[in-house]
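Heads up, the thing below is written out as structure tokens.
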Amino acid sequence: MKTLLIAECREGKFLDTNYELFGFADKLGATSAMVLVGRQDDLPAFAGKLYLADAAKFGEYNPDLHKKLILATVDQEKPDYIVFGHTSYGWDLAPRVAAALKAPQLSEVVGVADGGFELPSCNMKMRRTVKPQGTPVLLTLQGGAFPVLKPGGTPQVVPLETAGEPGVNFLGYEPAVAKDVNLSKAEIIVSAGRGIGKPENVPAIAALAKALGGELGASRPVVDGGWVDHAHQVGTTGQTVSPKLYIACGISGAIQHLAGMKKSGFIVAINKDKDAPIGEVADVLVVADVMQFVPALTAKLGK
Ligand code: FAD
């Protein structure tokens, strides 16, 4: 089985998250070649075939040209799977390549099971397994769903070229405007999840964050519900954080949340369900009603 892994380069750097693509290929027991529109001086530690196009020439992102570069590689490699990260790059590019190849695409793969791929359903409350037909199949992988795997070694570089006019001009990246909170620099984060029950309970979680000298974080439903501003959201569509201490209050541990916080130094989860998935990454799981436990802890800290 063969995978063609589509790597990403941002501001001249080979992204560390590209190594999750190797983790996926390993899980599949597949061999890999990689495509990178990047820079000769920042290559992955991987002893396989690396199709390398120059980002200075083709842009770090340019849908028309990158699609052509990938299609040229598909002709040579004839992969079973063409694998992207489920990022803005992958979201945009994978369907273009799939349409050009008239090939099926599965988006947001979170697991491999029973000869198929697991996809989230019912807002990640369940997973469904899909077995696609034919080859190649295009896949985008949810961030954090597969382990980071650094195969090691030096790639065998195959220069990649294409011709044609770019349909768009890539102007650059614009960082999201940070509001009054900078989670990426916080050493302690206390995050509120749907388990806190209602917006009126947010101040109790914020009070614990303050008592610890930390910042308030939140899961997506809390943000979507308008209880907390999006600047506080942790996860794939929020911020990626790595504080020394992360306290998850009433958060189940969905993959999209874990992807944003599982590199924290020490993780405490407060959840009334002893089997909540957050327990798999937590150093300490406190099985309790969050709205009883948190105010009591804050009061103790104040003494
Ligand atoms: P729930 O999953 O509803 O969990 C609530 C938890 O609280 C449960 O474990 C429950 O046992 C516990 N609980 C309930 N009552 C109490 C109580 N009284 N005391 C203690 N515990 C209690 N999510 C993110 O967080 N960040 C993202 O960036 C993000 N991006 C996403 C992107 C996409 C494309 C998609 C599809 C989803 C994304 N999600 C994201 C949503 C994610 O899939 C989950 O739905 C979400 O993380 C769940 O939030 P939660 O844990 O707060 O709520």
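Binning every alpha carbon pair distance of the stretch 96-186 at 5 Å from zero, what are the percents per bin?
Calculated over all Cα pairs of the stretch 96-186, the distribution is 3, 8, 11, 12, 14, 18, 16, 12, 6, 1 percent.
Work out, step by step, the length gained on full extension between Ala204 and Gln133: first 0.36 nm times the residue separation, then minus their alpha carbon distance; give nm to one decimal.
Residue separation times 0.36 nm, minus the Cα-Cα distance, leaves 20.5 nm.
Report the one residue of His257, Val241, Gly279 whose Cα lies farthest in the direction of the positive end of the charge dipole of the stretch 233-303 (charges on C-beta: Lys and Arg +1, Asp and Glu -1; origin at the Cα centre).
Of His257, Val241, Gly279, it is Val241.
Restricting things to Cα coordinates, could you compute the convex hull volume per residue of the chain in Å³?
About 142 Å³ per residue, rounded to a whole number.
With θ set to phi - 60° and the Karplus curve 6.51 cos²θ - 1.76 cosθ + 1.60, what are the ³J(HN,Hα) couplings of the stretch 276-283 in order, to the nearest whole Hz, using x for Gly and Pro?
Each residue's phi maps through the Karplus curve to give 4, x, 4, x, 6, 10, 6, 7 Hz.
Counting DSSP beta bridges in the stretch 2-159, what percent are antiparallel, to the nearest 5?
Approximately 25 percent, going by the DSSP bridge assignments.
Leaving out ligands and nucleic acids, and using a 1.4 Å probe, what accessible area per residue does the stretch 183-301 come to in Å²? Please list the in-between numbers first.
Values: 5570 Å² over 119 residues.
Computed with neighbouring chains in place, this is 47 Å² per residue.
To the nearest 20 debye, what charge dipole does the chain have about its Cα centre, counting +1 at the Cβ of each Lys and Arg and -1 at the Cβ of each Asp and Glu?
Dipole about the Cα centre, nearest 20: 620 debye.
Gain in length, Ala113 to Lys263, computed as 0.36 nm per residue apart minus the alpha-carbon separation, to one decimal in nm?
Here the segment from Ala113 to Lys263 would lengthen by 51.5 nm.
Mind checking the per residue accessible area of the stretch 2-159 for me, 1.4 Å probe, whole number of Å²?
44 Å²
Between Val109 and residues 5 or more places away or on another chain, which pairs have amide H atoms under 5 Å apart, with H built 1.01 Å from N, and which residues are they?
It is Thr140, Leu141, Gln142, by chain and number.
Per-residue ellipticity at 222 nm for the chain, helices alone: DSSP H runs ≥ 4 residues times -39500 (n - 2.57), over residue total, nearest 500 deg cm²/dmol?
Result for the chain: -7500 deg cm²/dmol, rounded to the nearest 500.
Contour minus end-to-end for Val284 and Asp42, with contour as 0.36 nm per residue of separation and end-to-end as the Cα-Cα distance?
Full extension from Val284 to Asp42 adds 83.3 nm.
Of the cross-linked pairs Lys198/Lys300; Lys57/Lys125; Lys272/Lys303; Lys67/Lys125, which ones have a Cα-Cα span greater than 32 Å in the structure shown? Before the final figure, lay out the partial values.
Numbers: Lys198/Lys300 24 Å; Lys57/Lys125 44 Å; Lys272/Lys303 26 Å; Lys67/Lys125 34 Å.
In this structure, Lys57/Lys125; Lys67/Lys125 lie more than 32 Å apart at Cα.
Of all the Cα-Cα pairs you can form in the stretch 183-301, what percent are over 25 Å apart?
On the way: 562 of 7021 pairs.
Across the stretch 183-301, Cα pairs with separations above 25 Å total 8 percent.
Reported to two decimal places, what Rg/Rh ratio describes the stretch 61-121 when computed on Cα atoms with Rh from the Kirkwood expression? Each step should come with its number before you reach the end.
Values: Rg = 12.3 Å, Rh = 12.5 Å.
Here the Rg-to-Rh quotient is 0.98.
What percentage of the solvent-accessible surface of the stretch 200-244, computed with a 1.4 Å probe over protein heavy atoms, is contributed by carbon and sulfur atoms?
So the carbon and sulfur contribution to the accessible surface is 50 percent.
On alpha-carbon atoms, Rg over Rh for the stretch 2-159 using Kirkwood Rh?
Taking Rh as the inverse mean 1/r over Cα pairs, Rg/Rh reads 0.94.
The values are calculated or read from the model by the stated rules, or taken from the named source; none is laboratory data. These numbers come from a predicted model, not from an experiment. Heads up, the Cβs are rebuilt from the backbone with ideal geometry, glycines too, and the neighbour counts pull from every protein chain shown. Calculation scope for accessible area: heavy atoms of the full protein, side chains included, ligands and nucleic acids excluded. Shrake-Rupley method; radii C 1.70, N 1.55, O 1.52, S 1.80 Å.
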